[in-house]
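Step one of this worksheet: look at the structure below.
The values are calculated or read from the model by the stated rules, or taken from the named source; none is laboratory data. Owing to the predicted nature of the structure, the values given are computational and were not obtained by experimental measurement. Don't worry about glycine lacking a Cβ; one is built from the backbone with ideal geometry, like all the others, and counts go over all protein chains shown.
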Amino acid sequence: MVGTDRRDPSRAEVVVIGGGMVGLASAIALRERGLDVLLCDPGEARARTSFGNAGVLSRGSILPMAGPALWGKLPAYLRNADRSLRLRHAHVLRVLPWTAHFLAAARASAWRRAAAALAPLTAAAYGEHERLAARARVSHLLRRNGWIKLYRTEAAFAGAALEREILRDHGVALDILNGAALRDLEPALVRPYARAMLLPETGAVGDPGALVEAFEALFADLGGRRINAGITGLTPGEGGWVLRHDAGEVRARQVVLAAGAASAAIARPLGYRFAFAAERGYHRHYALHPESPPLTRPVLDTGAGSIIAPMGEGRVRVLSGVELNAREAPPDYRQIEAASTEAAGTLRLGNTLDNQPWMGARPSTPDGMPVIGRAPRHAGLIFAFGHGHIGLSTGPITGRLVADLVTGSEPTVPLAPFAPERLLRWPRLRTGSVA
Ligand SMILES: Cc1cc2nc3c(=O)[nH]c(=O)nc-3n(C[C@H](O)[C@H](O)[C@H](O)COP(=O)(O)OP(=O)(O)OC[C@H]3O[C@@H](n4cnc5c(N)ncnc54)[C@H](O)[C@@H]3O)c2cc1C
(Lines give C-alpha, C1' and ligand atoms only; values in the text may rest on other atoms or scores of the structure.)
Protein backbone atom coordinates (compact mmCIF):
# COMPACT_ATOMS: atom_id res chain seq x y z
CA MET A 1 0.00 0.00 0.00
CA VAL A 2 1.26 3.43 -0.89
CA GLY A 3 1.05 6.19 1.78
CA THR A 4 -0.04 5.85 5.39
CA ASP A 5 -2.22 2.85 6.20
CA ARG A 6 -5.18 4.33 8.11
CA ARG A 7 -6.86 1.01 8.86
CA ASP A 8 -7.36 0.13 12.53
CA PRO A 9 -4.50 -2.31 13.34
CA SER A 10 -6.66 -4.05 15.94
CA ARG A 11 -9.50 -4.96 13.52
CA ALA A 12 -9.79 -6.91 10.27
CA GLU A 13 -12.49 -8.64 8.30
CA VAL A 14 -10.44 -11.85 8.22
CA VAL A 15 -7.37 -12.89 10.20
CA VAL A 16 -5.25 -15.70 8.77
CA ILE A 17 -3.15 -17.50 11.37
CA GLY A 18 0.05 -18.85 9.81
CA GLY A 19 2.16 -17.53 6.93
CA GLY A 20 3.42 -20.74 5.30
CA MET A 21 2.31 -21.69 1.80
CA VAL A 22 -1.24 -22.55 2.93
CA GLY A 23 -1.87 -19.42 5.03
CA LEU A 24 -0.16 -17.10 2.59
CA ALA A 25 -2.11 -18.46 -0.39
CA SER A 26 -5.34 -18.16 1.62
CA ALA A 27 -4.51 -14.56 2.52
CA ILE A 28 -3.76 -13.74 -1.14
CA ALA A 29 -6.96 -15.39 -2.39
CA LEU A 30 -9.01 -13.48 0.19
CA ARG A 31 -7.40 -10.17 -0.81
CA GLU A 32 -8.12 -11.00 -4.44
CA ARG A 33 -11.80 -11.21 -3.48
CA GLY A 34 -11.60 -7.74 -1.95
CA LEU A 35 -11.59 -8.64 1.76
CA ASP A 36 -9.55 -6.79 4.37
CA VAL A 37 -7.05 -9.44 5.48
CA LEU A 38 -4.55 -9.51 8.33
CA LEU A 39 -1.93 -12.25 8.32
CA CYS A 40 -0.43 -13.26 11.71
CA ASP A 41 2.82 -15.20 11.69
CA PRO A 42 5.94 -15.00 13.88
CA GLY A 43 7.87 -14.15 10.70
CA GLU A 44 10.73 -16.64 10.96
CA ALA A 45 11.30 -17.87 7.41
CA ARG A 46 13.15 -21.06 8.35
CA ALA A 47 10.45 -22.06 10.87
CA ARG A 48 8.05 -22.72 8.00
CA THR A 49 7.95 -26.20 6.57
CA SER A 50 7.14 -24.40 3.31
CA PHE A 51 10.75 -23.11 3.35
CA GLY A 52 12.65 -26.37 3.52
CA ASN A 53 10.79 -28.95 1.47
CA ALA A 54 11.76 -30.74 -1.77
CA GLY A 55 9.90 -28.29 -4.01
CA VAL A 56 7.97 -31.00 -5.84
CA LEU A 57 4.61 -29.85 -7.26
CA SER A 58 3.20 -33.24 -8.01
CA ARG A 59 0.00 -34.08 -9.84
CA GLY A 60 0.63 -37.72 -8.83
CA SER A 61 1.03 -37.26 -5.05
CA ILE A 62 -2.37 -38.76 -4.31
CA LEU A 63 -1.29 -41.82 -2.32
CA PRO A 64 -0.99 -41.30 1.44
CA MET A 65 1.76 -42.78 3.61
CA ALA A 66 -0.76 -45.19 5.16
CA GLY A 67 -1.14 -47.72 2.36
CA PRO A 68 -1.55 -51.49 2.16
CA ALA A 69 2.25 -52.01 1.87
CA LEU A 70 2.61 -50.70 5.43
CA TRP A 71 1.88 -54.09 6.99
CA GLY A 72 4.81 -55.82 5.29
CA LYS A 73 7.15 -53.03 6.42
CA LEU A 74 5.81 -52.70 9.96
CA PRO A 75 8.41 -54.98 11.66
CA ALA A 76 11.24 -52.94 10.10
CA TYR A 77 9.51 -49.67 10.98
CA LEU A 78 9.15 -50.73 14.61
CA ARG A 79 12.88 -51.54 14.80
CA ASN A 80 13.79 -48.25 13.09
CA ALA A 81 15.42 -50.42 10.43
CA ASP A 82 13.75 -48.73 7.42
CA ARG A 83 15.41 -45.48 6.35
CA SER A 84 12.16 -43.88 5.22
CA LEU A 85 10.67 -43.76 8.75
CA ARG A 86 12.17 -43.16 12.16
CA LEU A 87 9.95 -43.61 15.21
CA ARG A 88 10.29 -42.29 18.70
CA HIS A 89 8.28 -45.07 20.30
CA ALA A 90 7.02 -43.15 23.33
CA HIS A 91 5.78 -40.40 21.03
CA VAL A 92 3.88 -42.85 18.83
CA LEU A 93 1.88 -43.77 21.92
CA ARG A 94 1.43 -40.11 22.87
CA VAL A 95 -0.28 -39.46 19.51
CA LEU A 96 -2.40 -42.61 19.83
CA PRO A 97 -5.51 -41.25 18.02
CA TRP A 98 -3.27 -40.44 15.03
CA THR A 99 -1.53 -43.85 15.22
CA ALA A 100 -4.79 -45.82 15.48
CA HIS A 101 -6.39 -43.92 12.60
CA PHE A 102 -3.18 -44.26 10.53
CA LEU A 103 -3.14 -48.05 10.94
CA ALA A 104 -6.87 -48.25 10.16
CA ALA A 105 -6.28 -46.28 6.94
CA ALA A 106 -3.57 -48.68 5.71
CA ARG A 107 -5.92 -50.64 3.44
CA ALA A 108 -6.26 -50.75 -0.35
CA SER A 109 -9.88 -49.53 -0.19
CA ALA A 110 -8.97 -46.49 1.96
CA TRP A 111 -5.97 -45.81 -0.29
CA ARG A 112 -8.19 -45.76 -3.36
CA ARG A 113 -10.71 -43.47 -1.62
CA ALA A 114 -8.00 -41.02 -0.57
CA ALA A 115 -6.56 -41.00 -4.10
CA ALA A 116 -10.01 -40.19 -5.53
CA ALA A 117 -10.40 -37.31 -3.05
CA LEU A 118 -6.88 -35.93 -3.59
CA ALA A 119 -6.78 -36.23 -7.40
CA PRO A 120 -8.89 -33.09 -8.10
CA LEU A 121 -6.77 -31.13 -5.58
CA THR A 122 -3.40 -32.13 -7.04
CA ALA A 123 -4.73 -31.78 -10.62
CA ALA A 124 -5.46 -28.10 -9.93
CA ALA A 125 -2.25 -27.49 -7.95
CA TYR A 126 0.27 -26.61 -10.66
CA GLY A 127 -2.08 -24.28 -12.54
CA GLU A 128 -2.74 -22.27 -9.38
CA HIS A 129 1.02 -22.06 -8.67
CA GLU A 130 1.60 -20.82 -12.22
CA ARG A 131 -1.08 -18.17 -11.84
CA LEU A 132 0.30 -16.88 -8.52
CA ALA A 133 3.92 -17.05 -9.67
CA ALA A 134 3.02 -14.99 -12.75
CA ARG A 135 1.25 -12.39 -10.57
CA ALA A 136 4.29 -12.33 -8.26
CA ARG A 137 6.62 -12.07 -11.30
CA VAL A 138 8.59 -15.18 -10.32
CA SER A 139 7.50 -17.67 -13.02
CA HIS A 140 11.22 -18.43 -13.49
CA LEU A 141 11.21 -20.22 -10.09
CA LEU A 142 8.87 -22.94 -11.48
CA ARG A 143 9.69 -25.58 -14.05
CA ARG A 144 7.69 -28.53 -15.27
CA ASN A 145 9.84 -31.41 -16.45
CA GLY A 146 8.59 -34.12 -14.11
CA TRP A 147 10.05 -36.04 -11.21
CA ILE A 148 11.29 -39.61 -10.92
CA LYS A 149 10.77 -42.46 -8.50
CA LEU A 150 13.76 -44.79 -8.53
CA TYR A 151 13.65 -48.54 -7.79
CA ARG A 152 16.86 -50.36 -6.96
CA THR A 153 15.44 -53.84 -7.67
CA GLU A 154 12.78 -55.42 -9.89
CA ALA A 155 11.08 -56.66 -6.70
CA ALA A 156 10.78 -53.10 -5.36
CA PHE A 157 9.29 -52.00 -8.69
CA ALA A 158 6.83 -54.91 -8.71
CA GLY A 159 5.83 -53.98 -5.15
CA ALA A 160 4.57 -50.61 -6.42
CA ALA A 161 2.12 -52.10 -8.95
CA LEU A 162 -1.00 -50.95 -7.07
CA GLU A 163 0.34 -47.40 -6.94
CA ARG A 164 0.77 -47.37 -10.73
CA GLU A 165 -2.70 -48.82 -11.24
CA ILE A 166 -4.31 -46.12 -9.07
CA LEU A 167 -2.30 -43.33 -10.72
CA ARG A 168 -3.44 -44.54 -14.16
CA ASP A 169 -7.06 -44.80 -12.92
CA HIS A 170 -6.87 -41.08 -12.16
CA GLY A 171 -5.31 -40.12 -15.46
CA VAL A 172 -1.86 -39.35 -14.03
CA ALA A 173 0.68 -39.65 -16.87
CA LEU A 174 3.64 -41.91 -16.10
CA ASP A 175 6.50 -43.41 -18.09
CA ILE A 176 8.35 -46.52 -16.98
CA LEU A 177 12.08 -46.50 -17.70
CA ASN A 178 14.68 -49.25 -17.57
CA GLY A 179 18.16 -48.58 -16.22
CA ALA A 180 19.63 -47.54 -19.60
CA ALA A 181 16.77 -45.13 -20.41
CA LEU A 182 17.13 -43.62 -16.94
CA ARG A 183 20.86 -43.01 -17.47
CA ASP A 184 20.10 -41.25 -20.78
CA LEU A 185 17.50 -39.05 -19.08
CA GLU A 186 19.50 -38.22 -15.92
CA PRO A 187 23.21 -38.90 -16.55
CA ALA A 188 24.01 -37.41 -13.12
CA LEU A 189 22.72 -40.61 -11.47
CA VAL A 190 25.69 -42.93 -10.96
CA ARG A 191 23.97 -45.68 -8.95
CA PRO A 192 22.50 -48.45 -11.10
CA TYR A 193 18.69 -48.66 -10.78
CA ALA A 194 16.54 -51.52 -12.05
CA ARG A 195 13.58 -49.34 -12.98
CA ALA A 196 12.23 -45.84 -12.67
CA MET A 197 8.86 -44.13 -12.94
CA LEU A 198 8.84 -40.66 -14.50
CA LEU A 199 5.80 -38.51 -13.72
CA PRO A 200 6.15 -35.96 -16.53
CA GLU A 201 3.33 -33.59 -15.45
CA THR A 202 5.02 -32.86 -12.13
CA GLY A 203 6.57 -29.46 -11.61
CA ALA A 204 9.28 -28.27 -9.24
CA VAL A 205 10.41 -25.15 -7.44
CA GLY A 206 14.15 -24.51 -7.49
CA ASP A 207 13.96 -22.46 -4.26
CA PRO A 208 10.80 -22.93 -2.16
CA GLY A 209 11.89 -20.25 0.35
CA ALA A 210 12.19 -17.67 -2.45
CA LEU A 211 8.72 -18.62 -3.71
CA VAL A 212 7.24 -18.05 -0.24
CA GLU A 213 8.99 -14.66 -0.05
CA ALA A 214 7.66 -13.70 -3.49
CA PHE A 215 4.11 -14.61 -2.39
CA GLU A 216 4.59 -12.51 0.76
CA ALA A 217 5.51 -9.56 -1.44
CA LEU A 218 2.48 -10.23 -3.65
CA PHE A 219 0.19 -10.21 -0.60
CA ALA A 220 1.66 -6.86 0.49
CA ASP A 221 1.28 -5.46 -3.07
CA LEU A 222 -2.38 -6.47 -2.98
CA GLY A 223 -2.86 -4.37 0.17
CA GLY A 224 -2.68 -7.23 2.66
CA ARG A 225 -1.61 -6.40 6.20
CA ARG A 226 0.52 -8.55 8.51
CA ILE A 227 1.64 -8.78 12.11
CA ASN A 228 4.90 -10.52 12.90
CA ALA A 229 3.55 -12.27 15.97
CA GLY A 230 2.28 -15.67 17.03
CA ILE A 231 -1.34 -16.06 18.11
CA THR A 232 -1.55 -16.99 21.79
CA GLY A 233 -5.33 -17.04 22.28
CA LEU A 234 -8.41 -17.41 20.11
CA THR A 235 -11.80 -16.58 21.66
CA PRO A 236 -15.22 -16.29 20.05
CA GLY A 237 -16.75 -12.88 20.78
CA GLU A 238 -19.73 -10.86 19.70
CA GLY A 239 -19.89 -10.80 15.89
CA GLY A 240 -16.60 -12.61 15.44
CA TRP A 241 -13.33 -13.42 17.16
CA VAL A 242 -10.78 -11.94 19.53
CA LEU A 243 -7.22 -13.04 18.87
CA ARG A 244 -4.44 -12.42 21.36
CA HIS A 245 -0.92 -12.22 20.01
CA ASP A 246 2.54 -11.57 21.39
CA ALA A 247 2.09 -7.80 21.00
CA GLY A 248 -1.62 -7.20 21.71
CA GLU A 249 -5.06 -8.11 20.48
CA VAL A 250 -6.98 -8.09 17.23
CA ARG A 251 -10.70 -8.61 16.41
CA ALA A 252 -11.95 -10.22 13.25
CA ARG A 253 -15.25 -11.33 11.75
CA GLN A 254 -13.68 -14.56 10.42
CA VAL A 255 -10.52 -16.51 11.16
CA VAL A 256 -8.58 -18.95 8.99
CA LEU A 257 -6.42 -21.36 10.99
CA ALA A 258 -3.49 -22.31 8.73
CA ALA A 259 -0.58 -22.67 11.15
CA GLY A 260 0.75 -25.94 9.72
CA ALA A 261 1.93 -28.42 12.36
CA ALA A 262 0.97 -25.99 15.17
CA SER A 263 -2.68 -25.85 14.09
CA ALA A 264 -4.10 -28.68 16.19
CA ALA A 265 -2.64 -27.18 19.38
CA ILE A 266 -4.20 -23.82 18.53
CA ALA A 267 -7.64 -25.41 17.97
CA ARG A 268 -7.49 -27.52 21.10
CA PRO A 269 -8.48 -24.90 23.71
CA LEU A 270 -11.70 -24.47 21.69
CA GLY A 271 -12.45 -28.14 22.32
CA TYR A 272 -11.27 -29.58 19.00
CA ARG A 273 -9.11 -32.65 19.61
CA PHE A 274 -7.72 -33.70 16.26
CA ALA A 275 -6.06 -37.00 15.45
CA PHE A 276 -2.93 -35.14 14.34
CA ALA A 277 0.86 -35.46 14.44
CA ALA A 278 4.06 -33.82 13.23
CA GLU A 279 6.03 -35.78 10.65
CA ARG A 280 9.43 -34.19 11.02
CA GLY A 281 11.87 -34.02 8.12
CA TYR A 282 15.36 -32.68 7.44
CA HIS A 283 17.38 -31.33 4.56
CA ARG A 284 21.03 -30.61 3.81
CA HIS A 285 22.59 -28.99 0.72
CA TYR A 286 25.55 -30.31 -1.25
CA ALA A 287 27.54 -29.01 -4.18
CA LEU A 288 27.57 -31.40 -7.11
CA HIS A 289 31.05 -32.57 -8.11
CA PRO A 290 32.33 -30.11 -10.77
CA GLU A 291 32.57 -32.95 -13.30
CA SER A 292 29.05 -34.24 -12.67
CA PRO A 293 26.34 -33.48 -15.21
CA PRO A 294 23.52 -31.45 -13.59
CA LEU A 295 20.55 -33.16 -11.97
CA THR A 296 17.61 -31.75 -13.91
CA ARG A 297 14.59 -32.85 -11.83
CA PRO A 298 13.88 -34.16 -8.29
CA VAL A 299 14.30 -37.88 -7.68
CA LEU A 300 12.92 -40.11 -4.94
CA ASP A 301 15.16 -43.08 -4.25
CA THR A 302 12.67 -45.59 -2.84
CA GLY A 303 15.55 -47.77 -1.62
CA ALA A 304 16.91 -44.93 0.52
CA GLY A 305 13.54 -43.43 1.45
CA SER A 306 14.86 -39.98 0.60
CA ILE A 307 14.60 -37.30 -2.07
CA ILE A 308 17.32 -35.38 -3.87
CA ALA A 309 16.21 -32.15 -5.53
CA PRO A 310 18.19 -29.71 -7.66
CA MET A 311 18.29 -26.28 -5.99
CA GLY A 312 20.04 -23.91 -8.36
CA GLU A 313 23.22 -24.23 -10.38
CA GLY A 314 25.45 -27.10 -9.20
CA ARG A 315 23.60 -27.50 -5.89
CA VAL A 316 21.29 -30.23 -4.61
CA ARG A 317 19.11 -30.57 -1.51
CA VAL A 318 19.07 -34.00 0.15
CA LEU A 319 15.87 -34.60 2.14
CA SER A 320 15.15 -37.22 4.76
CA GLY A 321 12.06 -39.38 5.11
CA VAL A 322 9.72 -39.10 8.10
CA GLU A 323 10.63 -38.86 11.77
CA LEU A 324 7.64 -39.34 14.07
CA ASN A 325 8.50 -37.26 17.10
CA ALA A 326 7.22 -34.24 19.01
CA ARG A 327 7.39 -31.02 16.96
CA GLU A 328 9.45 -29.25 19.62
CA ALA A 329 11.82 -32.14 20.55
CA PRO A 330 15.54 -31.53 19.82
CA PRO A 331 16.66 -32.53 16.31
CA ASP A 332 18.00 -36.03 15.72
CA TYR A 333 20.27 -35.87 12.68
CA ARG A 334 20.75 -39.63 12.23
CA GLN A 335 18.15 -39.93 9.45
CA ILE A 336 19.53 -37.05 7.34
CA GLU A 337 23.06 -38.38 7.86
CA ALA A 338 21.95 -41.77 6.51
CA ALA A 339 20.12 -40.08 3.61
CA SER A 340 23.27 -38.06 2.79
CA THR A 341 25.41 -41.22 2.78
CA GLU A 342 22.95 -42.86 0.38
CA ALA A 343 22.84 -39.72 -1.79
CA ALA A 344 26.63 -39.84 -2.10
CA GLY A 345 26.21 -43.23 -3.79
CA THR A 346 23.50 -41.89 -6.11
CA LEU A 347 25.21 -38.71 -7.35
CA ARG A 348 28.78 -37.42 -7.41
CA LEU A 349 28.55 -35.04 -4.47
CA GLY A 350 31.04 -32.41 -3.42
CA ASN A 351 31.09 -30.62 -0.09
CA THR A 352 28.12 -29.94 2.11
CA LEU A 353 27.07 -26.28 1.95
CA ASP A 354 25.32 -26.03 5.34
CA ASN A 355 26.77 -25.84 8.83
CA GLN A 356 23.92 -27.99 10.09
CA PRO A 357 20.82 -29.59 8.59
CA TRP A 358 17.44 -27.82 8.51
CA MET A 359 14.52 -29.45 10.31
CA GLY A 360 10.79 -28.91 9.71
CA ALA A 361 7.51 -30.61 10.54
CA ARG A 362 4.91 -31.81 8.05
CA PRO A 363 1.44 -31.15 9.47
CA SER A 364 0.14 -34.71 9.37
CA THR A 365 -3.32 -36.20 9.34
CA PRO A 366 -3.50 -39.99 9.65
CA ASP A 367 -5.45 -40.49 6.40
CA GLY A 368 -3.05 -38.30 4.40
CA MET A 369 -5.72 -35.76 3.45
CA PRO A 370 -5.76 -32.12 4.56
CA VAL A 371 -8.37 -30.54 6.78
CA ILE A 372 -10.17 -27.88 4.73
CA GLY A 373 -13.54 -26.84 6.06
CA ARG A 374 -15.60 -24.86 8.52
CA ALA A 375 -15.15 -25.55 12.23
CA PRO A 376 -18.12 -27.73 13.19
CA ARG A 377 -19.17 -25.78 16.31
CA HIS A 378 -17.98 -22.22 15.73
CA ALA A 379 -19.23 -19.78 13.11
CA GLY A 380 -16.58 -17.80 11.24
CA LEU A 381 -13.69 -20.22 11.82
CA ILE A 382 -12.15 -22.04 8.84
CA PHE A 383 -9.61 -24.84 9.23
CA ALA A 384 -6.92 -25.17 6.53
CA PHE A 385 -4.07 -27.39 7.71
CA GLY A 386 -2.77 -30.96 7.71
CA HIS A 387 -1.34 -30.96 4.18
CA GLY A 388 1.34 -33.49 5.14
CA HIS A 389 3.64 -34.28 2.23
CA ILE A 390 1.81 -32.14 -0.35
CA GLY A 391 1.38 -28.72 1.23
CA LEU A 392 3.76 -26.86 -1.04
CA SER A 393 1.95 -28.27 -4.09
CA THR A 394 -1.58 -27.84 -2.83
CA GLY A 395 -1.20 -24.64 -0.78
CA PRO A 396 -2.30 -22.27 -3.56
CA ILE A 397 -5.36 -24.30 -4.57
CA THR A 398 -6.24 -24.62 -0.87
CA GLY A 399 -6.08 -20.83 -0.62
CA ARG A 400 -8.67 -20.55 -3.34
CA LEU A 401 -10.94 -23.08 -1.60
CA VAL A 402 -10.57 -21.20 1.70
CA ALA A 403 -11.66 -18.00 -0.06
CA ASP A 404 -14.69 -19.90 -1.41
CA LEU A 405 -15.61 -20.96 2.13
CA VAL A 406 -15.12 -17.48 3.60
CA THR A 407 -17.17 -15.79 0.86
CA GLY A 408 -19.83 -18.51 0.62
CA SER A 409 -18.99 -19.48 -2.99
CA GLU A 410 -19.25 -23.02 -4.36
CA PRO A 411 -15.80 -24.68 -3.96
CA THR A 412 -14.26 -25.87 -7.22
CA VAL A 413 -12.94 -29.08 -5.58
CA PRO A 414 -15.24 -31.37 -3.54
CA LEU A 415 -14.45 -30.69 0.12
CA ALA A 416 -16.49 -33.40 1.87
CA PRO A 417 -13.48 -35.81 2.17
CA PHE A 418 -11.45 -33.02 3.86
CA ALA A 419 -14.08 -32.21 6.50
CA PRO A 420 -12.65 -31.67 10.02
CA GLU A 421 -15.26 -33.96 11.59
CA ARG A 422 -13.54 -37.12 10.32
CA LEU A 423 -10.54 -36.52 12.61
CA LEU A 424 -12.29 -35.20 15.69
CA ARG A 425 -12.60 -37.76 18.41
CA TRP A 426 -13.65 -36.08 21.60
CA PRO A 427 -14.95 -32.60 20.95
CA ARG A 428 -15.16 -30.80 24.30
CA LEU A 429 -16.01 -27.20 23.67
CA ARG A 430 -14.69 -24.21 25.52
CA THR A 431 -12.67 -21.09 24.84
CA GLY A 432 -9.23 -20.19 26.07
CA SER A 433 -5.53 -19.76 25.50
CA VAL A 434 -3.28 -21.61 23.12
CA ALA A 435 -1.26 -24.23 24.97
C1 LIG B 1 11.53 -32.90 4.24
C2 LIG B 1 10.23 -32.41 3.64
C3 LIG B 1 10.01 -32.46 2.25
C4 LIG B 1 8.81 -32.02 1.71
N5 LIG B 1 8.65 -32.02 0.34
C6 LIG B 1 7.50 -31.54 -0.20
C7 LIG B 1 7.35 -31.44 -1.61
O8 LIG B 1 8.28 -31.74 -2.36
N9 LIG B 1 6.19 -30.99 -2.11
C10 LIG B 1 5.15 -30.61 -1.30
O11 LIG B 1 4.09 -30.23 -1.81
N12 LIG B 1 5.28 -30.66 0.04
C13 LIG B 1 6.42 -31.10 0.61
N14 LIG B 1 6.56 -31.15 1.96
C15 LIG B 1 5.43 -30.77 2.80
C16 LIG B 1 5.22 -29.27 2.81
O17 LIG B 1 6.44 -28.60 3.07
C18 LIG B 1 4.18 -28.93 3.89
O19 LIG B 1 3.01 -29.67 3.68
C20 LIG B 1 3.80 -27.45 3.79
O21 LIG B 1 4.96 -26.65 3.85
C22 LIG B 1 2.83 -27.07 4.89
O23 LIG B 1 2.53 -25.70 4.72
P24 LIG B 1 1.78 -24.91 5.84
O25 LIG B 1 1.56 -23.53 5.34
O26 LIG B 1 0.60 -25.69 6.28
O27 LIG B 1 2.80 -24.93 7.09
P28 LIG B 1 4.16 -24.11 7.33
O29 LIG B 1 4.88 -23.83 6.08
O30 LIG B 1 4.90 -24.83 8.40
O31 LIG B 1 3.64 -22.72 7.88
C32 LIG B 1 2.99 -22.62 9.12
C33 LIG B 1 3.24 -21.23 9.67
O34 LIG B 1 2.44 -21.04 10.84
C35 LIG B 1 3.22 -20.33 11.77
N36 LIG B 1 2.68 -20.48 13.12
C37 LIG B 1 2.86 -21.50 14.00
N38 LIG B 1 2.24 -21.22 15.15
C39 LIG B 1 1.64 -20.02 15.01
C40 LIG B 1 0.84 -19.21 15.85
N41 LIG B 1 0.55 -19.58 17.11
N42 LIG B 1 0.39 -18.03 15.36
C43 LIG B 1 0.67 -17.62 14.09
N44 LIG B 1 1.43 -18.36 13.26
C45 LIG B 1 1.90 -19.55 13.70
C46 LIG B 1 4.61 -20.93 11.62
O47 LIG B 1 5.61 -20.08 12.17
C48 LIG B 1 4.70 -21.02 10.09
O49 LIG B 1 5.21 -19.83 9.53
C50 LIG B 1 7.77 -31.56 2.55
C51 LIG B 1 7.99 -31.48 3.93
C52 LIG B 1 9.21 -31.88 4.48
C53 LIG B 1 9.44 -31.76 5.95
Original post:
Out of the range 50-72, which residues are under 29 Å from ALA108 (Cα atoms) and within 8 Å of the ligand (Cβ to nearest atom)?
Top reply: ASN53, ALA54, GLY55, VAL56, LEU57, SER58, SER61
Original post:
If the Cβ limit is 9 Å and pairs must be 6+ apart or interchain, which residue in the range 346-360 that is more than 21 Å from ARG297 (Cα to Cα) and among the aliphatic types (A, V, I, L, M) pairs with which residue that is away from the ligand (no atom under 16 Å from the Cβ) and not in a strand (DSSP E or B)?
Top reply: none
Original post:
Looking only at residues in the range 235-281 that are more than 27 Å from LEU319 (Cβ to Cβ) and of a type in the set (Asp, Glu), which one is farthest from the chain's Cα centre (by Cα)?
Top reply: GLU238
Subject >> All positions within the range 168-189 that are among the β-branched types (Val, Ile, Thr) and exposed (fewer than 14 other Cβ atoms within 10 Å of the Cβ) >> reply: ILE176
Original post:
When you go through THR412, THR341 one by one, which is the residue that is within 30 Å of ARG253 (Cα to Cα) and not small (Gly, Ala, Ser)?
Top reply: THR412
Original post:
Which residues, counting only those in the range 377-398, are of a type outside the set (A, V, I, L, M) and near the ligand (Cβ under 10 Å from one of its atoms)?
Top reply: PHE385, GLY386, HIS387, GLY388, HIS389, GLY391, SER393, THR394, GLY395, THR398
Original post:
If you check HIS140 against the conditions, is it free of Cβ contacts under 8 Å to residues at least 60 places away in the same chain and over 22 Å from ARG164 (Cα atoms)?
Top reply: yes
**OP:** Could you please find all residues in the range 307-364 being among the β-branched types (Val, Ile, Thr), within 10 Å of the ligand (Cβ to nearest atom) and outside any strand (DSSP E or B)?
**Re:** ILE336
Subject >> Which numbered condition ASN80 fails, given (1) surrounded by fewer than 17 Cβ atoms within 10 Å (Cβ to Cβ); (2) under 22 Å from the mean Cα position of the chain (by Cα); (3) not hydrophobic (A, V, I, L, M, F, W, C) >> reply: (2)
**OP:** Please indicate, with yes or no, whether at least one residue in the range 17-37 is out of contact with any helix residue (DSSP H, G or I) (no Cβ under 8 Å at 6 or more places or on another chain) and more than 25 Å from GLY237 (Cβ to Cβ).
**Re:** no
Original post:
Any idea which residue in the range 288-326 is modelled with the lowest pLDDT, counting only those that are among the acidic types (Asp, Glu) and more than 18 Å from the chain's Cα centre (by Cα)?
Top reply: GLU313
Original post:
Yes or no: GLY55 out of contact with any Phe, Trp or Tyr (no Cβ under 9 Å at 6 or more places or on another chain) and on the phi > 0 side of the Ramachandran plot?
Top reply: yes
Original post:
Does the range 92-99 contain any residue that is away from the ligand (no atom under 16 Å from the Cβ), surrounded by 17 or more Cβ atoms within 10 Å (Cβ to Cβ) and among the hydroxyl-bearing types (Ser, Thr, Tyr)?
Top reply: yes
